[in-house]
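Just below is one structure, and these are the notes that go with it.
The values are calculated or read from the model by the stated rules, or taken from the named source; none is laboratory data. On a predicted model such as this, the values are computed, not experimentally measured, just so you know. Here the Cβ is made from the backbone with ideal geometry for all residues, glycine too, and neighbour counts use every protein chain on show. With ligands, DNA and RNA removed, areas are computed over all heavy atoms of the protein, side chains included. Shrake-Rupley method; radii C 1.70, N 1.55, O 1.52, S 1.80 Å.
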Amino acid sequence: MYKFDNNKKKFYVTTPIYYVTAKPHLGSLYSTLLADVACRWYKLKNYNTFFLTGTDEHGQKVAEAAFKANMPPQEFVDSFISDYKKTWNDYNIVYDDFIRTTNESHVKAVQFWLKKLIESGDIYKSFYSGFYCTPCETYVTEKDINSNETVLCSSCARETKYISEESYFFRLSAYQDRLLKFYEENPDFIIPQERLNEVISFVKQGLKDLSISRTTVKWGIPFPEDNKHVTYVWADALNNYITAIGYGNPTKEDQFNYLWPADLQIIGKDILRFHAVYWPAFLMASELALPKHILAHGWIIVNKQKMSKSLGNVIDPQVLLDNYGSDIVRYYLTRYMAVTQDSEFNIDDLERHVNSDLADALGNLLNRMIALSYKHELHEVKAPENWSTKELELRDSFWSYLDIIVQYMQDGYFYMALSTIFKFINQVNSYFHYKEPWKIKDKNEFNEVISATCHSIYSIAILLWPVMPVKMEQLLKTLNINLELKTDLISELSQNRWDKTFMLNKSELLFKKFDLNKEKDQEIKQNTSGATLVKDKVNSTDMSLENIKIEDLSKVIILTGTIISCQEVPKSDKLYKLQVDFGDYGIKQIVSGIKKSYSESDLIGQQNIFVFNLEPRKIFGLESHGMILVSKVSENDNKIVLVRPIEKVQNGTRLS
Ligand code: MSP
């Protein structure tokens with residue numbers, strides 16, 4: 001149970017919970033890191049902090065990935081947890097709880113929630129027919145459908161699946177006006193504020209009730225007293241933010257009431273609609289307060305494309321860690337991946353900034369100050385009785401910067417706070433050069449310059465600690481200070497009259513410079529150039545390289561068949577409806593997306609190879625009973641080529 005001190009303020013921060021279909025990548029690290037930076041900031045302010053992260057383990061996407069990996073879903077999701085925890089640990093991300101949506105306590109609390117909303121009438125049973133995007137786990141509403149084309153998902157543009165089933169619905173339409181009123185009254189609900197406009201215009205277009213159960217998916221939380229239905233993965237996942245801290249659990253009521261509402265929920269812009277529309281509506285229906293702020297950051301892009309598992313351009317945080325260490329990556333991500341927009345991750349850029357910002361501007365200032373003091377045998381640096389004009393100017397200027405930094409940190413613009421801290425670092429450097437302490441003969445005058453520099457560096461180290469905790473603690477040790485989080489250190493910085501005494505210790509070089517002309521190691525070059533690592537591929541959902549047993553292969557029936565008819569599918573520019581003759585196995589209808597590559601006359605009368613025993617599914621409202629085998633021209637070229645026997649064989653001949 002979380003222990004809290006009633007005399008302190010609290011700060012509750014969350015990250016998205018990650019789909020466990022692969023190991024964490026730099027994108028997931030980014031969201032989690034921002035939460036850690038925010039949490040550490042409030043630790044500096046001596047708040048009771050609570051940091052929640054975890055994994056989203058149910059739903060069709062995860063079930064399909066487990067199926068591809070030939071593992072039971074629970075075993076499959078279990079296999080990724082240690083990778084997540086290790087990565088967060090390696091990056092000094094200190095979370096208070098790691099929720100897994102397969103935890104029994106979460107399952108029970110979600111069922112409690114469902115029951116409550118069924119009783120209040122906010123959830124009701126009806127019938128759903130429409131399109132579903134598995135990669136996004138989203139229902140595509142009619143207004144998203146591009147009428148004269150295949151039904152593509154409005155957010156990822158991939159083809160959706162048609163589903164038609166009995167379903168429970170959440171009465172989202174009833175919350176449209178309350179949501180709009182809430183946005184109007186809380187313009188700072190979403191950070192950055194500009195993103196609120198897209199949300200408002202989405203809600204203004206009209207909200208339909210949301211299907212929140214599936215009967216075709218088995219991997220999920222069963223509905224209370226109606227086990228045939230499994231909870232829609234987003235209704236399951238969003239509730240993690242309350243179930244983890246005790247919602248629905250009478251023994252944790254105090255903790256829940258203390259921590260909820262969350263103060264900051266960090267997400268990527270891709271999942272803003274879920275968090276800014278569905279989630280607040282769920283909370284309103286549950287009579288719970290809404291989170292104070294949602295920070296929706298942009299994407300990390302590599303070679304101008306969003307970094308994602310399916311594109312195969314993911315950067316492995318472990319490779320970066322091995323090459324640069326945690327704090328440098330933390331710094332580069334927090335400062336140069338601006339939350340307001342998409343940002344290109346570039347390894348040369350990272351090294352350049354380490355050299356200029358960390359090694360030159362900050363590290364060098366510290367080294368010169370310590371070396372000079374040792375040369376003058378000054379180890380104990382006392383503050384002067386009265387400061388001179390230049391030093392008072394420096395202190396005043398720090399206080400003005402501090403106000404701006406505090407504001408940026410509170411508003412979630414961590415990258416702007418960092419750039420302001422570096423403005424001050426540059427000013428301290430200018431002061432140091434202006435004073436030329438290496439030329440000063442007078443002891444008191446020399447001491448004053450060193451003391452002003454020490455006070456400045458001390459303040460900088462505190463402010464940079466949320467981003468680079470290890471390096472800043474090392475820096476503070478050179479000033480003989482152990483960081484203690486027992487008082488509000490940020491307020492102290494604003495009240496500090498610069499009256500501290502510092503003992504100076506020599507330490508190892510804080511930041512080493514990179515030789516920018518040196519050829520990079522193969523590992524880092526490969527990992528950051530957008531190429532997929534084989535190491536990653538093995539774990540990815542796209543392809544498992546594990547061997548399978550011959551019995552597994554025999555489950556798939558692959559047959560030769562001749563296409564005897566080929567028709568266009570109305571409103572689809574990709575699909576054909578094929579009738580295929582499988583000899584003794586009969587004639588089957590197969591719907592296939594090959595229209596862009598082949599004309600009807602290319603296909604009719606041709607013999608091809610098909611997966612014969614694929615579970616029937618509806619595509620564009622048409623039943624499809626198998627799959628034609630095709631190959632892409634290459635991994636990077638989506639043009640497809642049919643796979644055919646090079647000589648005619650009997651229809652219905654088995655290949656596997
Ligand atoms: N499981 C859902 C979230 C449920 S929260 C109740 C999900 N998971 S995810 O693993 O696909 O992605 C989660 C988050 O990872 C994104 O919202 C974003 O915060 C982060 N990122 C994934 N790829 C990213 C980039 N390329 N760049 C930056 N962040 C990215 O959606």
Checklist line | Given (1) exposed (fewer than 14 other Cβ atoms within 10 Å of the Cβ); (2) modelled with pLDDT of 95 or more, number of the condition L493 does not satisfy | finding: (1)
Next item on the list: Could you list all residues from the stretch 377-400 that are in contact with a Lys or Arg (Cβ under 8 Å, 6 or more places away or on another chain) and either open to solvent by 60 Å² or more (accessible area, probe 1.4 Å) or under 23 Å from D36 (Cβ atoms) (or both)?
Entry: K390
Item checked: Hits in the stretch 458-478 - residues which are open to solvent by less than 10 Å² (accessible area, probe 1.4 Å) and under 16 Å from H379 (Cα atoms) -> L475, L476, T478
Notebook entry, point to check: Could we say that A63 is in contact (Cβ under 8 Å) with a residue 40 or more places away in the chain, over 26 Å from N527 (Cβ atoms), out of contact with any Gly (no Cβ under 6 Å at 6 or more places or on another chain) and assigned to a helix (DSSP H, G or I) here?
Noted result: yes
Note to self: Just checking, does the stretch 445-452 include any residue being closer than 22 Å to R330 by Cβ and at pLDDT 95 or above?
What the structure shows: no
Check: If you scan the stretch 1-47, which residues turn out to be among the polar types (S, T, N, Q) and within 14 Å of the ligand (Cβ to nearest atom)?
Finding: T14, T15, T21, S28, S31, T32
Next item on the list: Of all residues in the stretch 594-643, count the ones that are in a helix (DSSP H, G or I) and either closer than 20 Å to D584 by Cα or without any contact (Cβ under 8 Å) to a residue 40 or more places away in the chain (or both).
Entry: 3
Checklist line | Residue count, the stretch 572-593 (criterion: in contact (Cβ under 8 Å) with a residue 40 or more places away in the chain and closer than 27 Å to V633 by Cβ) | finding: 8
Notebook entry, point to check: Assuming T487 fulfils every condition listed in (1) surrounded by fewer than 12 Cβ atoms within 10 Å (Cβ to Cβ); (2) at pLDDT below 90 apart from one, which condition is it?
Noted result: (2)
Next item on the list: Report yes if V302 is β-branched (V, I, T) and modelled with pLDDT under 95, otherwise no.
Entry: yes
Check: In the stretch 61-83, what count of residues is obtained for those that are in contact with a strand residue (DSSP E or B) (Cβ under 8 Å, 6 or more places away or on another chain) and crowded, with 22+ Cβ neighbours inside 10 Å?
Finding: 2
Checklist line | Extreme residue, farthest from the chain's Cα centre (by Cα), among residues of the stretch 29-59 that are of a type in the set (S, T, Y) and open to solvent by 10 Å² or more (accessible area, probe 1.4 Å) | finding: Y47
Next item on the list: Residues that are more than 14 Å from the ligand (Cβ to nearest atom) and over 30 Å from E351 (Cβ atoms): find the strands (runs of 3 or more DSSP E) completely inside the stretch 207-323 holding 2 or more of those.
Entry: 226-231
Next item on the list: Run down I557, I587 and say which single residue is aliphatic (A, V, I, L, M), open to solvent by 40 Å² or more (accessible area, probe 1.4 Å) and over 17 Å from V643 (Cα atoms).
Entry: I587
Note to self: For the list (1) within 16 Å of the chain's Cα centre (by Cα); (2) more than 12 Å from the ligand (Cβ to nearest atom); (3) buried (at least 19 other Cβ atoms within 10 Å of the Cβ), I need the number of the one condition that T340 fails.
What the structure shows: (3)
